[in-house]
Amino acid sequence: MLIMIILAGVALFLIISAIPAITADWSTESQLNTGPTAGFPNFWAYVGPLIWGTLWSAAIALLFGAPIGIGIALFISHYAPRRLASILGYLVDLLAAVPSIVFGLWGIIVIRPFLLPLSDWLAANLGWIPLFGGPVSTTGSTILAGALVLAVMILPIITSISREIFLQTPRLHEEAALALGATRWEMIRMAVFPYAKSGIVSATLLGLGRALGETMAIALIISPAILVSVNLITEGKNSQTIAANIALNFPIATTLQRDALIGTGLMLFVISLAVNSIARVIVGGRKGKRTKSKVSPKSPGPLSRVPAGDFASATALDVVSGRSSAGIADDEGPTPEEDIEGARY
Amino acid sequence: MSKRIEVNDLNVYYTDFLAVEGVTITIEPRTVTAFIGPSGCGKSTFLRTLNRMHEVIPGAHVKGEVLIDGNNLYDSGVDPVMVRRQVGMVFQRANPFPTMSIRDNVLAGLKLNNKRLSKGDGDELVEKGLRGANLWNEVKDRLSLPGGGLSGGQQQRLCIARAITVEPDVLLMDEPCSALDPISTLAIEDLITELKEQYTIVIVTHNMQQASRVSDKTAFFNIAGTGKPGKLIEYNDTTTIFGSPSMKETEDYVSGRFG
Amino acid sequence: MKFKNVAATGAVFVTVAIALSACSSSSTSGSSTSASTGAASTAVTSTPLDASLTGTITAGGSSAQANAENAWITAYKAQVAGVTVNYDKSQGSGGGVTNWLAGSYDFAGSDAPLKADQQTSSQAICGTGGALNLPVYLDGVALIYNLPGVTTLNLSTDTIAKIFSLAITTWNDPAIVADNPGVTLPATAITTVARSDGSGTTQNFTNFLSAASPTIWTNPASNAWPIKGNVSSQKGGSGVVQAVTAGSGTIGYADHSAIGTATAATVNKVAFSQEGATAAFAAAATTVPTATGDLSQKFDYSKLTGTTVYPIPLISYQIVCTTFKTAAQATLTKSFIGFVASSVGQQVAAKNAGSAPIPDEMLTKVQTALASVK
């Protein structure tokens, strides 16, 4: 409830502050036809390219970050030996603790020069594709560099959420696949992915939310321009994002320019809210579906979670089977819905 | 397709812990063999070594050999994946893939072999598998619905259909009826009797009536105490085990004085 | 020669002042004496600092001034230990003015003087007298480049305008060749590097371009870089310096005090020097008041010729009310800015922040204007 009030308060603040800039005539208003907001006929012409840049950079970041993040999660949950898995999981979580300004500096000092040869090659060989059209950047401050750093920044959130989901895959489903003669990868496709599908989607959307709002790293790395462009490796055609644009121009903005920047912030707020709501709806749908599906309630968890080496695990299989058969023996026609509610939540 | 299983002096370990010790047993083709014994005696663990499913637990390994028609499952170079395609398994709890339709569940194992199935062939195999599991008449009108929507007994028969559709040599069943009501249990038991015409079947059960009803031979496993390994105590015709067992432990167990 | 003497004593003063901060205040008079006696006879001094003042001055704005502010605050606090000065550079010039207009600051640091409408709205907090823009910080805009094999580069005003308006795109363009007789220039493409954030440096640089080369540079002066196209835009002066150094065939502009080891081109054959910037101020700055007693400066770039005058100076202001809400706060702020606008204060900034001293004549006017503040 308190959250709702705060959220509503923020929305109200953004709307009220933005109205003067949204309604103003940008071509005649002296505060708006100079400085950072010069050259735009109205608010929508200003915010449009910014919305594009925000979505575009986040999309590229997701393109790289989501498969890698999900891959790491899968490696941790289903491939890596326990020790390595816990170290890896710890490292990924640690990545989340790195301040974004550090990522920004890392992007400037390491990633930008690192990508220069690649952009030269792309421009020389694939320059006919609009994505890689020139003139190629000489300083490396491209949207590609920014989005790659962004991809690294969203890795932790995608990895940790998908890892949790993967680890929750009912062991019975995994064993069902293995007993049919599935390889580990086939088992993952048959049992883990279908179970985790909606979880992966919501992890990706949460990563998207993070990417949309990222400010400092983008502001530091990318050489921005307020235009709609798909070019990845140029100096002057990198679509600017809303958050970075606010950070860069707020300090020098005049009153009305501030209102305009707050207006772009309102748009970002709307986009982020939409992304989070979609993620929430998907997660909600997932819960509903899981309740309906007859998932075995007493699944002891994923294979890799079974502790090895102690006595408990030595007889885990028999003990578990014994206990659950005793527990279920007298309730005829088991009602999985209840079982699931009891066991999982 | 039915094959003989010979186990020679098999020890099962979890890392360093010896869970099952010194099992030697020969299981004839086209028979039903029941494993009975108290909880924790290692019968399920041993059952899983027959298709190397115990290996999904980190640290689990065996010493000894398991020969299926003379081929050792544990020879170096034997892929556990290939073993499991020949030795099918049905679990204590029905575990159809919840997001797959009934039809896809039946065909799941075949699709793993990357067989490209025409729709006609697929339909034929689905019907064959479901008829083999005595489920066809109950689900033939809703093949495209999720397998999770069936009753517990139907789900278990769906899992059996899934297991036999890949045409294994041996079918392992780990307490397949423990979660089912008596009517569903009866249906499964009838099915087991039919399946034995084609398959070598090994079933773990806590239900001694079930063992005496469905099995030709029975193996009794026991454990001397907590932390000790499980052992095969006695293995003989089911009628002998339940009628005149040679070991006192077996007699105590089957007569209900133990466990 | 006179200047060099002053610079030397400035250094002594700073050393003393820093030493003082760890010692007792009893030698304060000694250091004041040494500063005043060491400075040339024309040196501008504020009314003697009252070491007994106590209180807090809250200010913020221009990040160009930030290093100088730090030096001023350290030196001032060494003499007036009871006064705390908080200068928030994260606000930038615009934010500083906005917060000051909202009444949160005692003074604002800004790279541009108040605009007419801001001057009008300042009456809400300053009374009918309005506000004063006091020039206290002088630096130059340096043109830094990275062109492997070329260690010295000279650019004329028009060539600079052509390069930054993207009319010239390669380094061996005849216009650049003509500016650099005897230098072999490669055919490398030029990448201009500008600020992506709004900036007083951009404002001062575009002031220069639009005034000194109006036929080639047709864009208005602005605090946001107006050129679209193949421009590398970087956050902050350090971002520009980083991109220029890391790239190849790059050229950018930055506050001279922030360029570090980057190579700077000479402008019309004049290299930046503190003397050159001071001389530029003396030669070309005229006062264009926005209110009575105000000291907003405007450069006549056509006067910035000759071999001793750096053509692209950069001014930053401290903005105060003519009438403070409380007399105590007025006394505190006047004391601090009085120190900043003294010869000693200017030397402190020159030594520690690399800025150029404002000419004494202007400092005298600042002191006079400050005296009128109530």
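No lab work stands behind these numbers, since they all come straight from the coordinates. Note that the structure is predicted; figures quoted are calculated from it, not measured. FYI the Cβ positions are ideal-geometry reconstructions off the backbone, even for glycines, and counts take in every protein chain you see.
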Notebook entry, point to check: Which residues' amide hydrogens lie under 5 Å from the amide hydrogen of B:I203, considering only partners 5 or more residues apart or on another chain, with H built in the peptide plane?
Noted result: B:T33, B:A34, B:F35, B:M173
Note to self: Full-extension gain between A:V110 and A:V230, please, as 0.36 nm times their residue separation minus the C-alpha to C-alpha distance.
What the structure shows: 40.8 nm
Note to self: I'd like the Kirkwood hydrodynamic radius of segment C:205-329, using the inverse of the mean 1/r over distinct C-alpha pairs, in Å.
What the structure shows: 16.9
Note to self: Suppose we keep just the DSSP beta bridges with both residues in segment C:141-275; what percent of those would be antiparallel, to 5?
What the structure shows: 55
Checklist line | Counting DSSP beta bridges with both ends in the protein assembly as shown, the antiparallel % (nearest 5) | finding: 55
Check: How far is it, in nm, from the label point at A:A59 to the one at C:T152 when both lie 7 Å from their Cα along the line to the Cβ?
Finding: 5.3
Next item on the list: With a 10 Å radius around each residue's Cβ, average the other Cβ atoms per peptide and rank A:8-14, C:262-268, highest first.
Entry: C:262-268, A:8-14
Note to self: On a straight-distance basis, which aspartates and glutamates could pair with A:K197 in a cross-link, Cα separation under 17 angstrom, same-chain partners fewer than 8 positions away excluded?
What the structure shows: A:E164, A:E174, A:E186
Next item on the list: Give the calculated FRET efficiency between B:S144 and A:R82 to the nearest 0.05, with a Förster radius of 51 Å applied to their Cβ-Cβ distance.
Entry: 0.80
Next item on the list: Work out the P(r) tail for the protein assembly as shown: percent of alpha carbon pairs separated by more than 40 Å, whole number.
Entry: 57
Check: Under the rule of -39500 (n - 2.57) per DSSP H run of 4 or more residues, summed and divided by the residues of chain C, what mean residue ellipticity at 222 nm is obtained, to the nearest 500 deg cm²/dmol?
Finding: -12500 deg cm²/dmol
Next item on the list: Would you mind calculating the gained length between A:W185 and A:F75 on full extension (0.36 nm times residue separation, minus the Cα-Cα distance), in nm to one decimal?
Entry: 38.5 nm
Check: Once whole DSSP H runs in chain C are found, which of them have Cα atoms spread over 30 Å or more along the helix axis and a mean Kyte-Doolittle score of at least -1.0?
Finding: C:2-22
Checklist line | With Cα atoms, 0 to 90° folded angle of helix B:182-195 axis to chain B main axis | finding: 90
Next item on the list: Sequence neighbours fewer than 8 away in the same chain don't count; with that in mind, list the aspartates and glutamates whose C-alpha is under 12 Å from C:K325.
Entry: C:D106
Note to self: Would you calculate the convex hull of the Cα atoms in chain C and tell me its volume per residue in Å³?
What the structure shows: 128
Item checked: Of B:K3/B:K248; B:K3/B:K128; B:K140/B:K217; B:K111/B:K196; A:K237/C:K235, those spanning more than 28 Å from alpha-carbon to alpha-carbon -> B:K3/B:K248; B:K140/B:K217
Next item on the list: Quantify how strongly other chains surround peptide B:38-45 by giving the mean number of their Cβ atoms within 10 Å of each of its Cβ atoms.
Entry: 5
Notebook entry, point to check: Of C:S273, C:S316, C:S63, which has the largest mean-square fluctuation in a 10 Å C-alpha GNM of chain C?
Noted result: C:S273
Item checked: Angle between chain B longest axis and helix B:152-165 axis [Cα atoms, degrees, rounded to 10] -> 90
